[in-house]
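Just below is one structure, and these are the notes that go with it.
Only the coordinates and a few stated rules stand behind these numbers; no lab work does. The structure displayed is predicted, hence computed values, not measured ones. Virtual Cβ from ideal backbone geometry, glycine too; neighbours counted across all protein chains shown.
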Amino acid sequence: MRVVRFREQDTIRLAVLTDDDRIYPTPHAGFVEFVAHSRQRGLSPLRYAEQIVASGQALGRTLEALELAVPVEAQEVWAAGVTYARSKEARNYEATGGRMDAVTFYDKVYDAARPEIFFKSTGARLVAPNGDVCIRSDSRWQVPEPELGLVLGGDGEIWGYTIGNDMSCRDIEGENPLYLPQAKVWRRSCSIGPAIRLAEAVADPYDLRIATRIIRNGDLVFEGSASTGQLKRKFTELVHYLGLDNDIADGTVLLTGTCIVPPNDFTLTDGDRIEIEIAGIGCLRNSVRPASAYAKPEVARS
């Protein structure tokens, strides 16, 4: 069982999405409100969603026909890095100019008790499904980072799982680790969606397949897949460090790192199409544009 948010004229609506893609509108505009209302009624979010399906009427439209919004009215998105061996290898390549025998701080954080956690995006900067993500004007080596996202309550409880497109500049991060915020945060550098799968509906979050495709001029130029089973750290561990002496707002999203990295000679270009699919959640699609195409930040309406 999943939830999606969509725009209908000037209104945002939240709907329950069944596994066979039937869409059942709810009386709520946001996921945080949906969870709060379920708890007020003494129900789990999954049980509340099941009641909506059992007593409601499905929309006579397909998911593709909806103008999807960001699935949670998140105030913040955070991200964890170097949580997969493939990510560690890629970061080492960037930092050493290709010397894979060198030991770097990425090796150290991969093995350390404390994970790497960094700020990724405000809610206003988020790009909705099917929207444009942007590439920086001062980078020549940019890639998407496909990630499983945890949708959290303020107490750190995992409410659900979504897909994240964590756009990254490999050359900027590789030049100096202190440049990480610039390598990660800029206009339209993060997208999440298309849906949130309720936590209770996921039998094993460490057994989810992630697939990524990049299409250029109608041709498939990159394809890769991985499993969350390759993740070194546990989600509870990442959430613990995010919340340690820190405030977490309801609806915060924590991206859990990537295990899919395009070849070292690959970079995104204007017009590319990124598709990130996680079984049971859906497919997050974004087109690529230069940041200059958006002269002023376009605030995501929630």
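Panel values: the chain, Kirkwood radius from alpha carbon pairs, Stokes-Einstein at 4 °C and 1.567 mPa s, translational diffusion coefficient 66 µm²/s.
As a proxy for reagent exposure, ranking His240, His28 by other Cβ atoms within 10 Å from fewest up yields His240, His28.
Taken along the Cα-to-beta-carbon direction at a fixed 7 Å, the label points for Glu33 and Asp10 span 1.6 nm.
Please give the FRET efficiency for Thr18 paired with Lys232, using the beta carbon to beta carbon distance and R0 = 25 Å, rounded to the nearest 0.05. So the FRET efficiency works out to roughly 0.15. Mind checking the range 112-213 for GluC sites (Glu not before Pro) that DSSP puts in a loop (not H, G, I, E or B) and that have at most 14 other Cβ atoms within 10 Å? Filter output for the range 112-213: Glu157.
Counting 0.36 nm for each residue step from Val53 to Thr96 and taking away their Cα separation leaves a gain of 10.1 nm.
Rg over Rh for the range 99-151 works out to 1.04, both radii taken from alpha-carbon positions and Rh defined as the Kirkwood radius. As a proxy for reagent exposure, Ser168, Ser44 were ordered by neighbouring Cβ count within 10 angstrom, fewest first; the result is Ser44, Ser168. Among the lysines of the chain, pairs at least eight places apart or on separate chains and with Cα atoms under 28 Å apart come to 16. A simple charge model with +1 on the Cβ of Lys and Arg, -1 on the Cβ of Asp and Glu and nothing else charged puts the dipole of the chain at about 300 debye relative to its Cα centre.
With a simple spin-label model that places each label point 7 Å from the Cα along the Cα-to-Cβ direction, the separation between Phe266 and Arg41 comes to 4.4 nm.
Computed on the chain, with alpha-carbon pairs under 8 angstrom and 6+ residues apart, the relative contact order is 24 percent. Counting beta carbons within 10 Å around each of Tyr206, Tyr110 and listing the fewest first gives the order Tyr206, Tyr110.
Spacing of the modelled spin labels on His240 and Gln75, each 7 Å from Cα toward Cβ, amounts to 2.5 nm.
Full extension of the segment from Ala211 to Asn176, taken as 0.36 nm per residue of separation minus the current Cα-Cα distance, would add 9.6 nm.
Among the trypsin sites (Lys or Arg not before Pro) in the range 100-158, those placed in a DSSP loop whose Cβ has at most 12 other Cβ atoms within 10 Å are Arg140.
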